[in-house]
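Novice: Just passing along the structure, written as structure tokens.
The values are calculated or read from the model by the stated rules, or taken from the named source; none is laboratory data. Keep in mind that this is a model prediction, so the values were computed, not measured. Positions of Cβ are backbone-derived with ideal geometry, glycine not excepted, and every protein chain shown enters the neighbour counts.
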Amino acid sequence: MEEEIRLTNLAKCAGCGAKVGAGTLARLLEGLRVHHDPNLLVGFDKSDDASVYRISDELALVQTVDFFPPIADDPYLFGQIAAANALSDVYAMGGEPRLALNIMAVPASMPQSAVHELLRGGYDKVYEAGALITGGHTILDDEPKYGLSVTGFVHPDRVLKNSGARPGDVLLLTKPLGIGVLMTAKKAEMLSDEGEQFAYRMMTTLNKAARDAMVRYEVHACTDVTGFGLLGHLTEMAQGSDVHITLRVDEISLPEEAVSFAEMGLIPEGMYRNRQFAEPYVDPGETALAKQDLLYDPQTSGGLLMAVAPGDADALLDELAAVVPCAQRIGTVEAPRDGVRISLR
Amino acid sequence: MVDARGYACPMPVIMVQKEVKKTNPQTLEVLVDNACSMENVTRFGRSQGYAVTVELQNSDYKLTLTK
């Protein structure tokens with residue numbers, strides 16, 4: 001029965017959990033020649049979400065690519081999640097996606113109808129974003145993979161890097177955490193139907209509304225929370241901005257089911273990679289281990305994490321609350337301290 | 001004894017959970033071959049009220065869960 005294929009059984013790691021760790025990535029890029037160009041506004045040297053290249057004083061190009069193995073058995077759902085995740089990197093730079101190219105690997109045994117559904121998921125999500133899929137490239141591989149290279153535009157003076165946070169800024173986050181743990185529990189066949197629907201709803205939600213609200217306020221830095229987990233991405237933000245960050249753990253939305261799964265060790269391998277990378281910079285305080293684990297949990301198609309000028313934080317939070325899955329004020333940015341970059345309180 | 005070598009997460013936790021449910025052992029030895037499974041089984045054991053010790057044996061981890 002060709003229709004009974006379970007996509008996630010063909011995947012070694014789920015979604016962004018398959019991402020190579022931040023520390024490993026930095027070593028792989030080390031020593032590569034960096035070409036300078038005055039129009040290159042963001043390159044790979046700052047661990048940002050996308051490259052940004054100035055075309056004119058009014059226009060800059062945003063380019064990014066993201067793909068991963070199946071995180072859902074339903075190919076249409078997987079296509080939507082992979083597309084929402086790839087588009088998110090453009091939103092995280094403050095940009096608007098315009099064009100996208102498919103990147104796909106499929107096993108020879110995968111039914112054509114499933115491949116078609118996967119692509120339909122991608123097309124529908126990209127259309128929802130107001131962009132176009134204009135082509136792509138497909139190869140044969142034992143493990144299916146899907147994602148997009150996305151091109152967008154942003155005003156060159158309004159590029160939101162992950163490294164612009166300033167002392168006094170307020171940190172806002174637009175989706176809950178715990179997706180990696182929930183998907184691991186799903187692999188263990190222990191996730192409730194509600195938990196599964198919740199996770200898929202979060203992952204298929206575009207960060208478009210969050211971006212559209214954010215660009216009308218004074219936001220100093222932004223990134224999307226994906227494979228490196230909240231603390232991995234925050235470490236990069238704190239290092240790149242040379243600031244210290246205090247997180248109020250009780251203000252961060254951690255689904256109850258995810259906390260109990262983390263307590264019982266249903267944790268993806270990527271969490272341990274993220275912990276290894278960021279732990280030296282984090283003072284966990286009295287935070288329970290399971291909650292710490294969720295702060296390192298790799299997210300797929302996670303929310304936008306913004307460092308907002310204190311005077312604008314309340315108004316932006318109010319506006320976000322009406323349009324994103326879970327608007328939260330999670331911490332504050334402070335002057336750098338010796339030793340740690342992030343304190344959990 | 002649960003031999004979960006050769007299995008990736010979350011399988012080792014599921015195998016240990018099955019054994020604990022079935023026999024409710026006072027002590028249980030678990031073999032795993034990767035750090036992620038070692039950490040996850042340790043967390044599982046503690047959540048069920050076991051004390052957990054870990055020994056490195058060649059490239060494998062031997063965990064001992066004790067009530």
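Novice: Got at least one residue in the stretch A:73-81 being outside any loop (DSSP other than H, G, I, E, B) and touching a strand residue (DSSP E or B) at 6+ places or on another chain (Cβ under 6 Å)? Spell out the reasoning first.
Specialist: Let us first name the residues in the stretch A:73-81 that are outside any loop (DSSP other than H, G, I, E, B), namely A:75-81.
Subsequent filtering for residues that are touching a strand residue (DSSP E or B) at 6+ places or on another chain (Cβ under 6 Å) retains none.
For the stretch A:73-81, residues outside any loop (DSSP other than H, G, I, E, B) and touching a strand residue (DSSP E or B) at 6+ places or on another chain (Cβ under 6 Å): absent.
Novice: Return the residues of the stretch A:327-345 that are of a type outside the set (A, V, I, L, M) and over 18 Å from A:Val219 (Cβ atoms); say none if nothing qualifies.
Specialist: Of the stretch A:327-345, the ones of a type outside the set (A, V, I, L, M) are A:328-329, A:331-332, A:334, A:336-339, A:341, A:343, A:345.
Residues satisfying the conditions are A:Pro336, A:Arg337, A:Asp338, A:Gly339, A:Arg341, A:Ser343, A:Arg345.
Novice: If only one of A:Gly232, A:Gly270, A:Gly303, A:Gly285 is in contact with a Leu (Cβ under 6 Å, 6 or more places away or on another chain) and more than 21 Å from A:Val52 (Cα to Cα), which one is it?
Specialist: Details: A:Gly232 fails: in contact with a Leu (Cβ under 6 Å, 6 or more places away or on another chain); A:Gly270 fails: in contact with a Leu (Cβ under 6 Å, 6 or more places away or on another chain); A:Gly303 fails: more than 21 Å from A:Val52 (Cα to Cα).
On inspection, the qualifying residue turns out to be A:Gly285.
Novice: Mind listing just one residue for me: the one in the stretch A:222-242 that is assigned to a loop (DSSP other than H, G, I, E, B) and surrounded by 24 or more Cβ atoms within 10 Å (Cβ to Cβ) and, of those, farthest from the other protein chains (Cβ to nearest Cβ)?
Specialist: From the stretch A:222-242, those assigned to a loop (DSSP other than H, G, I, E, B) are A:225-228, A:242; that's our starting set.
Filter once more, so that each one left must be surrounded by 24 or more Cβ atoms within 10 Å (Cβ to Cβ): A:225-228.
Numbers: A:Val225: 21, A:Thr226: 19, A:Gly227: 15, A:Phe228: 16 Å.
Once the filter is applied, the top-ranked residue is A:Val225.
Novice: Give the stretch A:290-322 a look and list any residue that's in contact (Cβ under 8 Å) with a residue 40 or more places away in the chain, among the acidic types (Asp, Glu) and over 21 Å from A:Ala83 (Cα atoms), or say none. I'd like the intermediate steps shown before the answer.
Specialist: Our first condition is that a residue be in contact (Cβ under 8 Å) with a residue 40 or more places away in the chain; within the stretch A:290-322, this holds for A:291-313, A:315-317, A:319-320.
When the remaining residues are screened for being among the acidic types (Asp, Glu), the result is A:293, A:297, A:312, A:319.
Passing the criteria: A:Asp293, A:Asp312, A:Glu319.
Results for (1) at pLDDT below 95; (2) out of contact with any Gly (no Cβ under 9 Å at 6 or more places or on another chain); (3) crowded, with 22+ Cβ neighbours inside 10 Å, shown as yes or no for each residue.
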site	(1), (2), (3)
A:Phe198	no, yes, no
A:Arg211	no, no, yes
A:Val215	no, no, no
A:Glu263	no, yes, no
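Novice: Using the structure shown, decide if A:Glu58 is more than 15 Å from A:Lys161 (Cβ to Cβ), modelled with pLDDT of 95 or more and among the acidic types (Asp, Glu).
Specialist: Working: more than 15 Å from A:Lys161 (Cβ to Cβ): yes; modelled with pLDDT of 95 or more: yes; among the acidic types (Asp, Glu): yes.
Judged against the criteria, A:Glu58 is a match.
Novice: In the stretch B:29-66, what residues are away from chain A (no Cβ under 14 Å) and either in contact with a His (Cβ under 6 Å, 6 or more places away or on another chain) or under 24 Å from A:Asp293 (Cβ atoms) (or both)? So that I can check it myself, show each step before the final result.
Specialist: Start the filter on the stretch B:29-66 by keeping residues that are away from chain A (no Cβ under 14 Å), which leaves B:29, B:31, B:51, B:53, B:55-60, B:62, B:64, B:66.
Scanning the stretch B:29-66 gives B:Leu31, B:Ala51, B:Thr53, B:Glu55, B:Leu56, B:Asp60, B:Lys62, B:Thr64, B:Thr66.
Here is a yes/no grid of residues against (1) within 26 Å of B:Gly49 (Cα to Cα); (2) within 14 Å of chain B (Cβ to nearest Cβ):
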{"position": "A:Met271", "(1), (2)": "yes, yes"}
{"position": "A:Glu279", "(1), (2)": "no, yes"}
{"position": "A:Ala288", "(1), (2)": "yes, yes"}
{"position": "A:Gln292", "(1), (2)": "yes, yes"}
{"position": "A:Leu295", "(1), (2)": "yes, no"}
{"position": "A:Val308", "(1), (2)": "no, no"}
{"position": "A:Asp312", "(1), (2)": "no, no"}
{"position": "A:Ala315", "(1), (2)": "no, no"}
